[in-house]
Amino acid sequence: MTLYEKIMTLYPQLVDEDFSPRGSITLQNDSDGKGDYIAKWEHTLPRPTDEQLA
Amino acid sequence: MTTIVDGTTGINAPAQTITGVSTLTGGFTVGATAAPAFSAYPSATATISSATYTKVILNTEDFDTASAFDSTTNYRFTPLVAGYYQINLVASTPQIAAANTNSYTVIYKNGSAYKYGGTQNSTGQQANSSWSGLVYLNGSTDYLEMYVYTSSASISLSSTYCNFSGFLARSA
C-alpha cells in the first residue's frame, strides 16, 4: 500500500485537489531509496502519525 | 583582421584600429565562457505513485557540454555559469486508467517546486505534460531537478517520452 493509499484510508474525505499543486498536502519521493514521505501538511485534518502510517 | 564568433568561446577580436571611431589596443573577448547545454532522459520505465511528486531518475545523457548535469547520483542540473536558462521538461505516460486524471511535470529549484506544466486526461488516453520557460541560476549553488505527478493510480512513466533539457540563453 502506498503512502497516498494509507492516507486515503485514514481520511477518505480527502480529494485529488488536496494533493494537487494548489492543495494543502504534498507527498514526495526523491528517488533516493527512502520512499514516499509527507513534504507538506497544511490541511485542517491532523497530520497522520508515523504509527498510523506504519 | 579576423573576428571570430563562436557559440562556445564567444566573440574574439584582435587589436585593431577602427578609422574615425576609436582604437582598440588590446583586443577583446566577449562571452568567453562555455555555455552549458544538456539533455537527459531515464534509461528505463519508472513507476510513479499516485498523488506523489516523484523525482525522475535521469540517468542517461544525450549531451552535457559543461558536465553540469549529474546523471549518476542526484539527477540534477547545476551549471557554473550564472544566467538565464531555457529549460524544457516533457513526460508521457501510457494509457491512464482513471477519468479526469491530472498529470504534471514540475521543475524543482533548490529542492522546492518552482514551476508546473499540467494536463487533464480521460480514461484510455496518454497523459502528456510539459513545461518550458526561463529560469535564473546563480552559477554556483542553484540547481534544477525534474519531478512528475499524477492523480491517477500508480502509473509507469515512459522512458522514451521523458526528457529534461536546457541551455544558457543569456548570461547574467
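Computed from the coordinates by the stated procedures, all read-outs in this text should not be read as laboratory data. Please read these numbers as outputs of a predicted model, since none were measured by experiment. Quick reminder, even Gly has a Cβ in these numbers, built from the backbone with ideal geometry, and neighbours come from all protein chains shown.
Which residues among segment A:1-26 fall inside the zone where the amide N is under 11 Å from a point 7 Å beyond the Cα of A:Lys40, along Cα→Cβ?
Backbone N within reach: A:19-26.
With θ set to phi - 60° and the Karplus curve 6.51 cos²θ - 1.76 cosθ + 1.60, what are the ³J(HN,Hα) couplings of segment A:8-19 in order, to the nearest whole Hz, using x for Gly and Pro?
5, 5, 5, 10, x, 6, 5, 10, 3, 4, 5, 9
Convert each backbone phi in segment A:36-45 into a coupling constant with the Karplus relation 6.51 cos²θ - 1.76 cosθ + 1.60 (shift: θ = phi - 60°), then list the ³J(HN,Hα) values in order as whole Hz, x for Gly and Pro.
6, 8, 8, 8, 8, 9, 10, 6, 5, 5
At what distance in angstrom do the alpha carbon centres of segment A:4-54 and segment B:89-164 lie from each other?
19 Å
Given only helices, namely DSSP H runs of n ≥ 4 each adding -39500 (n - 2.57), what is the per-residue ellipticity at 222 nm of chain A, to the nearest 500 deg cm²/dmol?
Rounded to the nearest 500, the figure is -6000 deg cm²/dmol.
Compute the FRET efficiency between A:Arg22 and B:Phe167 as 1/(1 + (r/R0)^6), taking r as their Cβ-Cβ distance and R0 = 30 Å, and round to the nearest 0.05.
Efficiency at R0 = 30 Å is approximately 0.45.
For the residue pair A:Arg47 and A:Asp32, what label-to-label distance in nm results when each label sits 7 Å from Cα along the Cα-to-beta-carbon direction?
In this crude label model, A:Arg47 to A:Asp32 measures out at 1.7 nm.
Give me the distance in nm between label points sitting 7 Å out from Cα along the Cα-to-Cβ direction at B:Ala82 and B:Thr119, one decimal.
For B:Ala82 paired with B:Thr119, the spin-label model returns 3.8 nm.
Over chain A, what is the relative contact order in percent, taking alpha-carbon pairs closer than 8 angstrom and at least six residues apart?
For chain A, the relative contact order is 30 percent.
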